[in-house]
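The structure under discussion appears below in the form of structure tokens.
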Amino acid sequence: MTKTGSIFDQLEQLGSGTSYAAQLGDMLEQVDMFRDLNRQDIDRLASYVQAYQAKPGSKLLREGDRESYMFILVAGKLDIFKQQGEGGEEKKIATVRAGKTIGEMSVIDGMPHSATVVVVESAKLLLLTKRNLDLLTEQVPDLGVKLLRRLAQLMSLRLRQTSGVLIDYLKS
């Protein structure tokens, strides 16, 4: 994945690799999705992610972009926008707070991002690319399965919530 001329120009890398592994592990432990993983699993997962800082106004994902990565929000606040129709105006559909993920659908299916995500409050983020998720599932299959199961549960929950909102909308 080339990082030149992309959203990564707006981000400051905080660290990655073995020299930053303990800090990455500490950040992962703060995320609800990983709370029941033991420290060994957390440390193994840490070697597949990178940490970034993003300022307010930074666009982390752009609707329609085909880059396959997800972010785990450790600190800060993000707004999610969806474009209304072809070339229409963007409408805010959600706010994301620390402990949540964005972009997980593109990591799983390789399809373009379905929304635009903008930093509202200075954010600390962990990046997991599709390539690193694939490596993780090949190199540490037991942890890869745990992570994929959590992502599937997350996407299932979001689909259920969206279906509920749709039903409420159709009733009115």
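The helix-based estimate of mean residue ellipticity at 222 nm for the chain, built from -39,500 (n - 2.57) per DSSP H run of four or more residues and divided by its residue count, is -11500 deg cm²/dmol to the nearest 500.
Percent relative contact order of the chain, based on C-alpha pairs within less than 8 angstrom and at least six residues apart? Spell out each step's value before the answer.
Values: 309 pairs, mean separation 41.9, N = 172.
Once normalised by length, the contact order is 24 percent.
Restricting the calculation to Cα atoms, the stretch 17-76 yields a radius of gyration followed by a Dmax of 13.0, 36 Å. With Cα atoms defining each centre, the stretch 99-129 and the stretch 16-67 are spaced 11 Å apart in the structure. Rolling a 1.4 angstrom probe over the chain with all protein chains present gives an accessible area of which 52% lies on carbon and sulfur atoms. The distance between label points at Ser122 and Ala94 comes to 2.6 nm (points 7 Å beyond Cα on the Cα→Cβ vector). Partners of Lys146 within straight-line reach, counting lysines whose Cα lies under 20 Å from its Cα and excluding those fewer than 8 residues away in the same chain: Lys100, Lys130. Of the trypsin sites (Lys or Arg not before Pro) found in the stretch 12-68, those in coil by DSSP whose Cβ has at most 11 other Cβ atoms within 10 Å are Arg35, Arg66. In vacuum, with every alpha carbon of the chain counted as one equal point scatterer, what does the Debye formula give for log10 I(q)/I(0) at q = 0.10, 0.12, 0.13, 0.15 Å⁻¹? Two decimals, please. Debye curve over Cα of the chain, log10 I(q)/I(0) at q = 0.10, 0.12, 0.13, 0.15 Å⁻¹: -0.38, -0.55, -0.65, -0.86. The residues of the chain expose, per residue, 55 Å² of accessible area to a 1.4 Å probe.
The values are calculated or read from the model by the stated rules, or taken from the named source; none is laboratory data. Note that the structure is a prediction, hence the values are computed from the model and not measured. Backbone-built Cβ (ideal geometry, glycine too); neighbour counts: all protein chains shown. Each accessible area value is taken on the protein alone, full model and side chains, heavy atoms only, with ligands, DNA and RNA left out. Shrake-Rupley method; radii C 1.70, N 1.55, O 1.52, S 1.80 Å.
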